[in-house]
Amino acid sequence: MKINSVKGMNDVLPTAEGDSVAFNGRLWERAEAVFRDVMRRYAFDEVRTPIVEEAQLFSRAVGEATDIVGKEMYTFEDRSGKKLLALRPEGTAGAVRAYIEHGLPMRDPVQRWWYFGSMFRHERQQKHRYRQFYQVGVELFGVAQPEADAEVLSLCNAILVDLGLEGIELRLNSLGDEQCRPAYLELLSAFLRERREQLCPECRDRLERNPLRVLDCKNEGCQAVVADAPASHEHLCAPCSEHFARVRASVDRLGIKYRLDKNLVRGLDYYTRTSFEFLASALGSAQQTAVCGGGRYDGLVKQLGGADTPAIGFGMGVERICALLAQQGVPAHAPALFLAIGDEAAREEVLALATEARSKGLAAEADFRGGKIARQLGRADKRGARFAVVIGGNELASRRAKLKDMRGGEETEVALDELVAEVARRVGG
Ligand code: HAM
């Protein structure tokens, strides 16, 4: 019997196309190269934490009453039967656990971390919602100042800009802190209770357990109710209010456009003050889809047993990023030069030229099966190669060859000794 992959869990393959084009590994490579480069420029260090953690880490950090913990977490008993473990549904809790466990709040509280890895949520089957999905994420510990918020937003924005993605909107809100949130929650609950009958059954339940979540219910009736609900950012204490004003001023100064969204509350309980999402409308569903979400979580390190430490971060959905890349026709990672073998005697020369190109930093591929030139050039095309060259008997004798630009089709004659330099020059330019 044939065994298939588990529902909601996908293979990333270089051959993915059609509906599964978001899982084309060559797009992933392009995206990952940008993630890595932006993280380097913003001076963040890569960390890797385990995929499996104790389940209680997530119930304490993300919140018992959230969908993520209450409905979607993959939990299982350890073989010893003594511990309840979970596949991580998100990356922040594990990062905070590691930060505390290794004594970092005492040694060097400022840590600039990023990660790339898979997360697991047993979500309802839906487009762009998977049960195993990847996030690239950032966690910046130890800096309370609003410029850190702006820096993290700027980093996130730089990834989207460098990937060439357009039409993504930043939404910003402030959720206050333990000083001002309780009074705001009172106000919100009172407002919602007066309109209880207009809320969907789930929100009537949320009203008691987690009234903030009513604000982002997708139900039309609930949306009509919350349109007039009190806004958290209008009920902040003085320090939170000043913090938010400074974040907004810094973001303006950086030229990053955003929309204030009073109903942006996020689906995880640890947030304080700044919270944000980057939304794309191009992902094919009626609703805008979040490609990235994050915010401050100044209380979480202490809550999990560490010293009082401010922190901020975000997680970005890699499948959604790659779906947008595919949709916008951003080219996948591809060879700069494809070498075809026009004559048996040319094999060594082709291998030498390919190696030279690689040593100069160019991606190069050759088809050592040889055979029909048209078939080899067809492969160059399929691989998305930028340039192709055929090396045969004539080329070996004259030490010159025709370099074909695979985009426009025009050919330029170059000396074999100049071939790699010519490709490097034209790929760069
Ligand atoms: P989140 O909003 O739950 O935040 O997830 C962040 C991003 O992961 C979403 O905007 C979305 O792009 C992607 N994502 C979430 N669930 C799925 C899914 N089922 N399928 C595909 N993509 C998905 C967090 O996880 C926080 N840990 C972010 C953070 C880091 N906050 C502070 N630091």
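The values are calculated or read from the model by the stated rules, or taken from the named source; none is laboratory data. Please read all numbers here as calculations on a predicted model, not as lab measurements. Cβ sites come from the backbone with ideal geometry, for glycine too, and all protein chains shown count toward neighbours. Please note that ligands, DNA and RNA were not included when accessible areas were found on the heavy atoms of the full protein model with its side chains. Shrake-Rupley method; radii C 1.70, N 1.55, O 1.52, S 1.80 Å.
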Problem set entry | Relative contact order computed over the chain (Cα-Cα under 8 Å; 6+ residues apart), in percent | 16
Seminar exercise, completed: Between residue 252 and residue 186, Cβ-based FRET efficiency (R0 41 Å, step 0.05) works out to 0.80
Problem set entry | Convex hull volume of the range 337-428 per residue (C-alpha atoms, cubic angstrom) | 84
For this session: List the trypsin sites (Lys or Arg not before Pro) within the range 334-429 that fall in a DSSP loop (any state other than H, G, I, E or B) and whose Cβ has at most 16 other Cβ atoms within 10 Å.
Result: 360, 369, 372, 399, 407
Problem set entry | Surface accessible to a 1.4 Å probe, per residue, for the residues of the chain, Å² | 49
For this session: Round to the nearest 0.05 the FRET efficiency obtained for residue 360 and residue 46 when R0 = 22 Å and r is the Cβ-Cβ distance.
Result: 0.25
Seminar exercise, completed: Distance in nm between residue 208 and residue 33 label points, each 7 Å along Cα→Cβ, equals 5.5
Problem set entry | Rounded tilt (10° steps) of 373-382 against the dominant C-alpha axis of the chain | 10
For this session: Please give the residues of the range 147-165, grouped as numeric ranges, whose backbone N is less than 18 Å from a label point set 7 Å along the Cα-to-Cβ vector of residue 308.
Result: none
For this session: Rounded to whole Hz and in sequence order, give me ³J(HN,Hα) for the range 247-255 from the Karplus expression 6.51 cos²θ - 1.76 cosθ + 1.60, θ = phi - 60°, writing x for Gly and Pro.
Result: 4, 5, 5, 5, 5, 4, 4, 7, x
Problem set entry | Span per principal axis, largest first, for the Cα atoms of the chain (Å) | 87, 58, 46
Exercise. How far apart, in nm, are the 7 Å Cα→Cβ label points at residue 352 and residue 245?
Worked result: 7.2
Problem set entry | Amide proton proximity set for residue 400, modelled H, under 5 Å, gap of 5+ | 416
Exercise. How far is helix 416-428 tilted, in degrees, relative to the longest principal axis of the Cα atoms in the chain, given as a value from 0 to 90 rounded to the nearest 10?
Worked result: 20
For this session: Kindly provide log₁₀ I(q)/I(0) values, in the same order as q = 0.10 Å⁻¹, from the Debye equation applied to equal alpha-carbon scatterers of the range 233-376.
Result: -0.63
For this session: Calculate, in nm to one decimal, what residue 122 and residue 234 gain on full extension: separation in residues at 0.36 nm each, minus their alpha carbon distance.
Result: 36.8 nm
Seminar exercise, completed: Length-normalised contact order of the range 1-133, Cα under 8 Å, at least 6 apart, in percent, tallies to 26
Exercise. To the nearest 500 deg cm²/dmol, what mean residue ellipticity at 222 nm is calculated for the chain from DSSP H runs of n ≥ 4 alone, each contributing -39,500 (n - 2.57), summed and divided by the residues?
Worked result: -11000 deg cm²/dmol
For this session: Pop a pseudo-label 7 angstrom from the Cα along the beta-carbon direction at both residue 344 and residue 410 and give the gap in nm to one decimal.
Result: 3.8
Problem set entry | Charge dipole magnitude, Cβ of K and R +1, D and E -1 - the chain, Cα centre, debye nearest 20 | 620
Exercise. How long is the range 130-175 along each principal axis, judged by its Cα atoms, biggest number first, in Å?
Worked result: 32, 26, 21
Exercise. If you place +1 on the Cβ of every Lys and Arg and -1 on the Cβ of every Asp and Glu, how big does the dipole about the Cα centre of the range 337-428 come out, in debye to the nearest 20?
Worked result: 420
For this session: Run the dipole for the range 222-316 about the Cα centre, Lys and Arg Cβ at +1, Asp and Glu Cβ at -1, nothing else charged, and hand back the magnitude in debye, nearest 20.
Result: 240
Problem set entry | When each of 360/402; 71/127; 382/402; 372/402; 2/71; 2/382 is checked by Cα-Cα distance, pairs over 22 Å | 2/71; 2/382
Problem set entry | Positive minus negative residues near residue 402 (Lys, Arg vs Asp, Glu; Cβ under 12 Å) | -4
For this session: Take the solvent-accessible surface of the protein heavy atoms, probe 1.4 Å, and return the percent of it on the chain that carbon and sulfur atoms account for.
Result: 48
